[in-house]
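S.K.: One structure coming up, written as structure tokens, with questions to follow.
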Amino acid sequence: MLLYFLILLGVIVAYHFWRLHRLNQQTKEIKGLPSLPFIGNAYLLLGLKKAEMTTKVNEIISAHGSILRFWMGPFLWIVVSEPNYLEAIMTSEYATNKSESYQFFRFQADGIFIASGQNWRRLRKIVNPSFHQRLMRNYFNVFKKESRLFISLLEKELNQKSFDIHNYVSKLTMDILCGTLMGVESRQQTEGNMEFAKNLQLSTMLIKERHYKIHLGFDFIYKMTDGAKQEAQYNENLHNYVIKIINQRKKLMNELKDKKADDNYDDDDLGRPSYLDVMLSQYEGLSDKEIAIKITDMFIAGSDTTGIAISYAFLLMGMYPDVQEKVYREVIDVMEYGDFEIEKLSRLHYLEMVIKEVLRLYTIPCVVRKLEKELKIGSTVFPAGTRALLSLYAVHRNPKYWSNPSEFYPDHFLPENVSARPKYSYIPFNMGPRNCPGQLFAMLSMKTVIGYAIREYVFHSDLKLSDLQYTDVFMLESENGYPVKISKR
Ligand code: HEM
């Protein structure tokens, strides 16, 4: 028996080393860092705190050029940050699958974000219509309504000491998401307590840790840890929130059914079919809890990302008063003092440059794709099965493309600077078939919120950009929070 076991073990170890050798041979043209047996390059991350790991990975990537081999234990990641490689991978129909490590998210959210293959293609077809341009006009009414409420709630911070504006913004973006895609008024701004945002951050930090601690990658080990129990609790809180929204929508639809029978019924925005209705019909027969797990990712993608970007915009405008003044002048010139009009949003050029610069610095730092087929880019071979880590962080901070890579410098987006750069040097929403479907929604909502607020208040900050420390949750978040003071215009 022992002999059989030893032979089996020997075969597994021999296969493991043969596989590593073969992958090393196939990718030998790509620069790598010295690696150790079994743990590969993971030793570079030893002793780091959770919050420091992605920042460290991002720094390593930025320091080692456009393409790099990185062994995370037995897994080979090819890290890519040159526009031509990024373009080839993002636009390839054989590079739409997510790597296995995204499965770590499945207890938190098992939807489109982590899906691969046919399942992803099916979900993408269902999701796309909710972002059709013609719906934006309806969504815009919600952006405006929630922005007006937001500025009225900020009033109590007038001329007070510094406060974290993200406490307000994260509720605002949740209300925007629910009022549009979910078809309910979630009233987080007036009645909420950031429960979703807080649980999301805590759960995601634990999940991210699994990417960098090789032993936690094994489910059976992870499940024995305190982290797994904590994650389950945070996830339950997230799902309970989503279930509350599902039930609110079901109740509203029942009430509307009766009203619609009335000839005088006038359909309002909440009465129209929403993304949530589509998903509820797709998942008929599943329990509310099971549906919640499948759609929690839309709550994350739709509120957390824009929330962080808006909070950064206020913080950075507080640090750079000249930029803020220019945004203010433009908003007054274009919108004057009345209600915003959707047609005029495209004339807010400078505000758009500011938002783009925020996203250059702080968008999702990287995404990982698993290649279905071998991909040859120039003379470089990416073997089938490669996990290609696309570093948005590194390309967005590469001095070859950005005159002030580590600064907040909206002029990076002056038309003459944009045209001098390769297209794939700026990809905050990704490109290709697996790009962000919420891009237009995000840009319009961010412009509306920031535009309304800047017309009302001046933002001040005591911090400097160099004071900020970062941690990667989904976006690259500020560990210092987003502290600002406000005064009346
Ligand atoms: C500043 C705001 C946003 C940024 C920077 C952003 C960025 C991204 C990026 C980089 C991806 C690709 C992720 C990957 O491949 O792993 C993505 C995917 C996605 N985003 Fe966004 N996003 C934003 C806002 C939104 C909004 C507002 C929504 C919905 C209301 C949304 C919905 C989605 C969805 C559903 C996906 C998954 C698409 C797929 O896998 O096919 N995003 N986003």
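S.K.: Restricting attention to segment 103-118, and to residues there that are outside any loop (DSSP other than H, G, I, E, B), among the aromatic types (F, W, Y) and more than 10 Å from the ligand (Cβ to nearest atom), which single residue is farthest from H239 (Cα to Cα)?
M.R.: F104
S.K.: Which ones in segment 275-302 are of a type in the set (D, E, K, R) and assigned to a helix (DSSP H, G or I)?
M.R.: Passing the criteria: D277, D288, K289, E290, K294, D297.
S.K.: For residues that are out of contact with any Pro (no Cβ under 6 Å at 6 or more places or on another chain), more than 18 Å from M298 (Cβ to Cβ) and not in a loop (DSSP other than H, G, I, E, B), tally how many sit in segment 419-441. Talk me through it step by step, then tell me what you get.
M.R.: The initial filter retains those residues of segment 419-441 that are out of contact with any Pro (no Cβ under 6 Å at 6 or more places or on another chain), namely 419-421, 423, 426-441.
Narrowing the set further to residues that are more than 18 Å from M298 (Cβ to Cβ) leaves 419-421, 423, 426-428, 431-433.
Cutting the leftovers down to not in a loop (DSSP other than H, G, I, E, B) gives us 419, 423.
Within segment 419-441, residues that are out of contact with any Pro (no Cβ under 6 Å at 6 or more places or on another chain), more than 18 Å from M298 (Cβ to Cβ) and not in a loop (DSSP other than H, G, I, E, B) number 2.
S.K.: Yes or no: E59 in a helix (DSSP H, G or I), among the charged types (D, E, K, R), under 22 Å from Y424 (Cα atoms) and at pLDDT below 95?
M.R.: For E59, the condition - in a helix (DSSP H, G or I), among the charged types (D, E, K, R), under 22 Å from Y424 (Cα atoms) and at pLDDT below 95 - is met.
Each row is one residue, and each column tells you yes or no for (1) in contact (Cβ under 8 Å) with a residue 24 or more places away in the chain; (2) surrounded by 21 or more Cβ atoms within 10 Å (Cβ to Cβ); (3) β-branched (V, I, T).
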residue	(1), (2), (3)
Y43	no, no, no
L68	yes, yes, no
A95	yes, yes, no
F113	yes, no, no
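S.K.: T96 passes all but one of (1) modelled with pLDDT of 95 or more; (2) out of contact with any Pro (no Cβ under 8 Å at 6 or more places or on another chain); (3) not in a helix (DSSP H, G or I); which number fails?
M.R.: All conditions are met except number (2).
S.K.: Let me ask something else. Which numbered condition in (1) assigned to a helix (DSSP H, G or I); (2) in contact (Cβ under 8 Å) with a residue 24 or more places away in the chain; (3) within 25 Å of S466 (Cβ to Cβ) is the only one that E325 fails?
M.R.: The failed condition is (2).
S.K.: Working carefully through the options R360, R369, find the one that is buried (at least 19 other Cβ atoms within 10 Å of the Cβ), assigned to a helix (DSSP H, G or I) and of a type in the set (K, R).
M.R.: Result: R360 is the single residue among R360, R369 that is buried (at least 19 other Cβ atoms within 10 Å of the Cβ), assigned to a helix (DSSP H, G or I) and of a type in the set (K, R).
Yes or no, residue by residue, for (1) among the hydrophobic types (A, V, I, L, M, F, W, C); (2) buried (at least 19 other Cβ atoms within 10 Å of the Cβ); (3) within 13 Å of the ligand (Cβ to nearest atom):
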position: I89; (1), (2), (3): yes, yes, yes
position: R122; (1), (2), (3): no, no, yes
position: K125; (1), (2), (3): no, no, yes
position: N138; (1), (2), (3): no, no, no
position: N141; (1), (2), (3): no, no, no
position: H166; (1), (2), (3): no, yes, no
position: T173; (1), (2), (3): no, yes, yes
position: L177; (1), (2), (3): yes, yes, yes
position: R187; (1), (2), (3): no, no, no
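S.K.: Looking at D277, D297, D304, which is the one that is within 16 Å of the ligand (Cβ to nearest atom), buried (at least 21 other Cβ atoms within 10 Å of the Cβ) and among the charged types (D, E, K, R)?
M.R.: Being within 16 Å of the ligand (Cβ to nearest atom), buried (at least 21 other Cβ atoms within 10 Å of the Cβ) and among the charged types (D, E, K, R) holds for just one of D277, D297, D304, which is D304.
S.K.: Please go through segment 429-477 and give me each residue that is of a type outside the set (D, E, K, R), within 13 Å of the ligand (Cβ to nearest atom) and closer than 15 Å to F314 by Cα, ordered by number.
M.R.: Across segment 429-477, the qualifying residues are S445, M446, T448, V449, I450.
S.K.: Would you check which residues across segment 175-206 are part of a helix (DSSP H, G or I), more than 29 Å from Y470 (Cα to Cα) and touching a residue at least 60 places away in the same chain (Cβ under 8 Å) and list them?
M.R.: G179, T180, L181, M182
S.K.: Could you go through segment 76-84 and let me know if any residue there is away from the ligand (no atom under 16 Å from the Cβ) and surrounded by fewer than 19 Cβ atoms within 10 Å (Cβ to Cβ).
M.R.: Yes, there is a match, as at least one residue in segment 76-84 is away from the ligand (no atom under 16 Å from the Cβ) and surrounded by fewer than 19 Cβ atoms within 10 Å (Cβ to Cβ).
The values are calculated or read from the model by the stated rules, or taken from the named source; none is laboratory data. Note that the structure is predicted; figures quoted are calculated from it, not measured. Quick reminder, even Gly has a Cβ in these numbers, built from the backbone with ideal geometry, and neighbours come from all protein chains shown.
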